[in-house]
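Everything on this sheet refers to the single structure shown next.
Readers should treat all values here as calculations from the given coordinates under stated rules, not as data from a laboratory. Because the structure is predicted, anything quoted here is derived from the model rather than measured. Here the Cβ positions follow ideal geometry from the backbone for every residue, glycine too, while neighbour counts run over all protein chains shown.
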Amino acid sequence: MFSIILKLGWKNISRNKKRTFFTILAITVGIMMLVFASSYIQGIMNGTTEVAKRMRTGHVKIMTSEYSRLERIMPKEELVLKSEDLTDRIRKIDGVKLVSQMVKFNALISKDELNEPGLVVGADPGIIKMHMGIDDMLISGKYFNGGEKEVMIGRIFAEKLGVMVNDELLLVTTDINYSTYALPFRVSGIFNTGYTYIDKHMIFVPLKFGREILDCQDSSHEILIYLDDQDKAAEFTSGIKSILSEGIYGESIVAVPWEDDEIIGELMPMVKQVWQKILGIILLIVAIVILNTMLMIVMERYQEIGVLKALGLKSREVFSMIVTEALFIGTIGSVFGVLLGGGFSAWLEKTGINFAEMAGKDMWEKFDMPLVLFGNIIYPDLTLEIIISSFFFGIFISVLAVLYPAYKSSKMLPAEAFRSKLKV
Amino acid sequence: MKKIKIILVLIFILLVPKVAAEDIDPFDILSKIDSNMTFESAYAEMKMIITIKKRKITKKFKSYSVGNTKSFIEFLSPVRDRGTKMLKKGKIIKIYYPSAERILRLSGHMLRQSMMGSDMSYEDMTERSKELREEYSGEMFQNEVLDENECYVLMLTSKIKKQTYFKRKIWVDIKRFVGVKEELYSKSGKLVKVSKVIEIKLFKNRYYPVEMIMEDKLRKNSSTRIIVEKIEFNIAIPEDMFSERALLK
């Protein structure tokens, strides 16, 4: 009997081709939207987390507890002392791939009569290259080597100051002893990361000159550690606590794993919640569209069901037939939805969605909050989990939609079904 | 009848000082302070003690000035500041940094930055009563006694929306015509800076503050004390002292 029901269900979907086509189309479009939206949200979350790890947290970040608390205002005097020695010791620990010392400070960047405030990052050029990949983002000039007084400057910042490669810039700041100090630098290269805040405010200088301006030899504001396995960051953090508490490197030195970073640990979950709510609304819309379409295809067939019942089909068999039909339609729609949505997302995963172009360059460049590390190009991230969950969601909603009308029609007497006002 | 007379006398006593204060133009008071404190020329040796949390940093400098529009400052210590020179001509400020051997002309938001790490901004150095009259509207409050000295109390409110200090409350010593205290407020009403004169000395029939303290309330536990160690008035200062050449010397 089961095989007959299956055959009947399959046959029914080809009986009214137009009706079946539009029902499958509704499910396909809904599932396609779901796959794309899920991949897009996943892409934003992953992209922001990766940039935060590359640019500000490493896998583990060492700093003073006061610097950690006031990181947004970057207190210059909050330094990890003897950071060269500490870096050497950390490098020798198993599982450590890279260690980077940094000084960070706000300074006045001046060219001729123009001056603009900027965020100066002093780090080893070789290490910036390895973990930030700034050398791949150069749009003019060459990558600096660290031996000369050279800087790398963001594209928007360079445009604001009217700076070209080989031009001279003056960096002026107050050092850790509240003396005002200035050094001239030559622009070695101009970079474009696609992250407005970085391109608009940041300037990279070799670590030794950053320290010279601040008057803090052998000290750093941050030590970023990159591990072979980032999932071991928390474990690594507890492992180095004893080294940090020796007192050699300062009174209160802390190590923070990337998961506990302000962006990744606090801001991202909030962002994720917002996106999950948006995704919930998309799911609801998709569900309503599928429910509505499936409901209609059962309700408009009450008379046909009456005929089948008059011919001797039992209520259970009518119910199974309708559910089977919904199962077939849901499966076909979900397959197409996953294929089209997945294909579209996979294509965008390679090309990216350029928001700067869509929103207009000027409008986009206004969004330059330090913690919002959203690039101008978003790359969706299609995962197997998204494909499977969307596929089964399509089938589940299709079947769920017909349960009630299927039950109702299966219980109807043939005469009642004939009297039904809903007709094709 | 006697009672009425007493009441009238009391009303008169209470009202007279208020009416008198309201009749005075606050900007006239500020102009008088400016003229009182402006000498033809002056040479001074000063020190600035910056206190931030538990740290104290002392900076010494000498200054030459002509009127209230031209001044030249050279920092003598500490080592990292030695040789830093500042030239102010009207609203224009130029600084020579010996470490870079370059001159920087300050403009825009840079003027609002801390001057040599102190609680004072470069903009604070350039203000004069003439500009205050153009940019603020003023009113007089009831006189107050501050450190045993009777003071006029002036309240200036900016006519310009984007003013660094939207409101300024100024206490002026009535007898010596010296501004003895000033509170600076942002547009939201937040107290941004407070400056107070600690000591005033008499020079050639004119009173001049020789010690003052300024607190930038946006910097936690911070204050800057400026002490005049030596001052000479109406001395001969060569005109080229106020030139870029003097900065580069």
| said: I need to check one value: relative contact order of the range B:50-165, counting alpha carbon pairs closer than 8 Å and at least 6 residues apart, in percent. | reply: 12
| Got a sec to turn the phi values of the range B:49-63 into Karplus ³J(HN,Hα) couplings, 6.51 cos²θ - 1.76 cosθ + 1.60 with θ = phi - 60°, whole Hz, x for Gly and Pro? | 10, 9, 10, 10, 6, 9, 8, 10, 10, 10, 10, 10, 8, 10, 9
| request: Would you list the membrane-span-like helices of chain A, meaning whole DSSP H runs whose alpha-carbon atoms span at least 24 Å along their axis and whose mean Kyte-Doolittle value is at least 0.5? | output: A:17-52, A:268-299, A:315-351, A:384-411
| If you take the charge dipole of the range B:23-248 about its Cα centre, with +1 on Lys and Arg Cβ and -1 on Asp and Glu Cβ, which of B:Y96, B:S186, B:N68 is farthest toward its positive end? | B:Y96
| Calculated [θ] (222 nm, deg cm²/dmol) that DSSP helices of n ≥ 4 give over the protein assembly as shown, each run adding -39,500 (n - 2.57) | -13000 deg cm²/dmol
| Pairs A:K53/A:K97; B:K190/B:K217; B:K94/B:K167; B:K32/B:K175: which exceed 19 Å Cα-Cα? | B:K94/B:K167
| Where the centroid of each part is defined by its Cα atoms, how far is the range A:218-289 from the range A:46-61 in Å? | 8
| said: I need to check one value: relative contact order of chain A, counting alpha carbon pairs closer than 8 Å and at least 6 residues apart, in percent. | reply: 28
| task | Calculate the length of the line joining the C-alpha centroid of the range A:141-217 to that of the range B:23-94, in whole Å. | result | 31
| field | For the range A:75-220, size of Cβ-based charge dipole, Lys and Arg +1, Asp and Glu -1, in debye | value | 360
| query | How big is the antiparallel share of DSSP beta bridges in the range A:75-220, given as a percent to the nearest 5? | reply | 70
| Cut-off under 5 Å, modelled amide H: who pairs with B:L146 long-range | B:C151
| request: Quote the relative contact order of the range B:23-248 in percent (integer), defining contacts as alpha-carbon pairs under 8 Å separated by 6+ residues. | output: 22
| task | Could you tell me which of B:M155, B:Y165, B:N36 has its Cα farthest along the dipole of chain B towards the positive end, charges placed at Cβ (Lys, Arg +1; Asp, Glu -1), taken about the Cα centre? | result | B:Y165
| query | Pick from A:S100, A:S345, A:S179: which residue has the top mean-square fluctuation in a GNM of chain A where Cα pairs under 10 Å get a spring? | reply | A:S179
| task | Considering only DSSP beta bridges where both residues belong to chain A, give the percentage that are antiparallel (nearest 5). | result | 80
| message | About the Cα centre, and with charges only on the beta carbon of Lys, Arg (+1) and Asp, Glu (-1), how big is the dipole of the range B:23-248? Nearest 20 debye, please. | response | 1160
| note | Taking R0 as 56 Å and r as the Cβ-Cβ distance between B:K201 and A:L384, the FRET efficiency 1/(1 + (r/R0)^6), rounded to the nearest 0.05, comes to 0.10
| Cross-link reach list, lysines versus A:K160, counting only Cα pairs under 18 Å and skipping chain neighbours closer than eight places | A:K111, A:K200, A:K361, A:K366
| request: Can you tell me the dipole magnitude for the protein assembly as shown around its Cα centre, using point charges on the Cβ only (Lys, Arg +1; Asp, Glu -1), in Debye to the nearest 20? | output: 2260
| Sequence-distant or interchain residues sharing an amide H contact under 5 Å with B:S41, placed H: which? | B:G67, B:N234, B:I235
| note | Farthest towards the positive end of the dipole of the range A:75-220, among A:L119, A:V187, A:S83 and with Cβ unit charges of +1 on Lys and Arg and -1 on Asp and Glu, lies the Cα of A:S83
| Between 0 and 90°, nearest 10: helix B:26-37 axis offset from chain B longest Cα axis | 50
| message | On a straight-distance basis, which aspartates and glutamates could pair with A:K408 in a cross-link, Cα separation under 18 angstrom, same-chain partners fewer than 8 positions away excluded? | response | A:E300, A:E304, A:E317, A:E325, A:E416
| request: Mind telling me which of B:V180, B:V228, B:V172 comes out most flexible in a GNM of chain B, alpha-carbon contacts under 10 Å? | output: B:V228
| field | Per-residue ³J(HN,Hα) for the range A:182-191, Karplus 6.51 cos²θ - 1.76 cosθ + 1.60, θ = phi - 60°, Hz, x for Gly and Pro | value | 9, 9, x, 10, 9, 6, 8, x, 10, 10
| query | Which whole-Hz ³J(HN,Hα) couplings does the range B:194-206 yield from phi under the Karplus relation 6.51 cos²θ - 1.76 cosθ + 1.60, θ = phi - 60°, glycine and proline marked x? | reply | 9, 10, 9, 7, 9, 9, 10, 10, 9, 10, 6, 6, 10
